[in-house]
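To start, the structure under review is shown below, and the notes come after it.
The values are calculated or read from the model by the stated rules, or taken from the named source; none is laboratory data. Just so it is clear, the model here is predicted, and its values are computed rather than measured. Virtual Cβ from ideal backbone geometry, glycine too; neighbours counted across all protein chains shown.
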Amino acid sequence: MSQPRCLTVCLFLLVGTPLGVTDVFGWGNEGHRIICQIALERLTPQGRALVDAIEADLGNVEDPFDNCPDCQAAHPDDGRSLSFQAGCLWADESRRDTFKGTYEYHYINVPAGSTALDLHRDCAALDCAVVGIQRYARYISLTPGNSSRERERRVLALRFLGHFVGDMHQPLHVGFTEDLGGNRIEVRWNTESGITNRNLHSVWDSAILQRAGLTSQTEDGPELNGQITQAELNMWSNFDIVTWAEESFDLARSRAYTKSDGQAVMENDLLSDDYFNAARPVVVEQLKKAGVRLAHLINTAAAGTLPVNMLMLSAP
């Protein structure tokens, strides 16, 4: 099992334009549900008891959408009655209003032309996906006191953790700043029944899954879970969340931004069957990795063996 990465990250907030925002969510809803279904099936008895204990505290959660004039109409009237899998979608519903402070935890933006992730540069304000995972994994590991605030925080932390681990494994959530992780690259996508116009980010969020038939939490989650080998489980179950991000960035560069002929994806390109055939196994493996790693975080939190600080962040 790898050890936590020791990093030095500047603690000063950056002044100026924030990291690029994205209008497309991480994975489609079913992608997130599949990841959390895999994780649920891989929980130890202790891990499942922790999830059950957290969900038993739903009554301590105030309706986050009550008295919120800026909330979108698509928000549920009450965010309390959510299953574990449904809770994994909730972070996208709340990031634009009631929990605006979590927006940047959905991604990491890297300058175009970079060949490696650098958190000193790419997460200098401590407002990126690796920090979100660190924060909410820590919250679920803490035994709450008697205050309803602490219990509410742990309920919401489990939702955020499930979502951000999923987001981290969508390659274009560690993409280039200038195109907002592919959001600004319009392409033509072959659905087999016709050509549609999509942006590249949405191709990786949902279009590849849809064409691959990965759209059912109840069917695809157990099926993918059953494909995970012991060797993969041993390799993926670690706390090195920086490496998780580096894996996604490498895949973004080599698979998402690059066509099968080695050329860069350009505006208005038609992404061929070869592109889909190369992307499908990447998506499948990333879903499985995310499920295994989410379960690993929950299980170790329940066992009291989660590292206190997986990032070991420190000022220079």
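I'd like the full set of residues that are in contact with a Pro (Cβ under 8 Å, 6 or more places away or on another chain), over 21 Å from residue 135 (Cα atoms) and aromatic (Phe, Trp, Tyr), limited to the stretch 229-280.
The one that is in contact with a Pro (Cβ under 8 Å, 6 or more places away or on another chain), over 21 Å from residue 135 (Cα atoms) and aromatic (Phe, Trp, Tyr): 249.
Just to verify a result, which residue in the stretch 136-192, among those that are β-branched (Val, Ile, Thr) and in a loop (DSSP other than H, G, I, E, B), is surrounded by the most Cβ atoms within 10 Å (Cβ to Cβ)?
Per the stated criteria, the residue is 185.
Would you say residue 191 is β-branched (Val, Ile, Thr), more than 21 Å from the chain's Cα centre (by Cα) and farther than 30 Å from residue 312 by Cα?
yes
Please find, among 285, 267, the residue that is of a type in the set (Asp, Glu), closer than 26 Å to residue 51 by Cβ, at pLDDT 95 or above and in contact with an Asp or Glu (Cβ under 9 Å, 6 or more places away or on another chain).
285
Taking the stretch 60-91 as the region of interest, how many residues are modelled with pLDDT of 85 or more and in a helix (DSSP H, G or I)?
Qualifying residue count for the region: 6.
Of all residues being farther than 15 Å from residue 92 by Cβ and out of contact with any Gly (no Cβ under 6 Å at 6 or more places or on another chain) in the stretch 31-47, which is surrounded by the most Cβ atoms within 10 Å (Cβ to Cβ)? Just the residue, please.
So, considering only residues that are farther than 15 Å from residue 92 by Cβ and out of contact with any Gly (no Cβ under 6 Å at 6 or more places or on another chain), the one surrounded by the most Cβ atoms within 10 Å (Cβ to Cβ) is 40.
Could you list, ordered by first residue, the pairs with Cβ atoms under 8 Å in which the first is in the stretch 94-115 and buried (at least 17 other Cβ atoms within 10 Å of the Cβ) and the second is polar (S, T, N, Q) and modelled with pLDDT of 80 or more, at least 6 apart or interchain?
So the pair list comes out as 94/102; 95/102; 109/177; 110/177.
Note down all Cβ pairs under 6 Å where the first residue falls in the stretch 252-279 and is on the phi < 0 side of the Ramachandran plot, the second is surrounded by 13 or more Cβ atoms within 10 Å (Cβ to Cβ) and modelled with pLDDT under 95, and they're at least six residues apart or on different chains.
That search, which allows pairs on different chains as well, returns 274/260; 275/260; 278/260.
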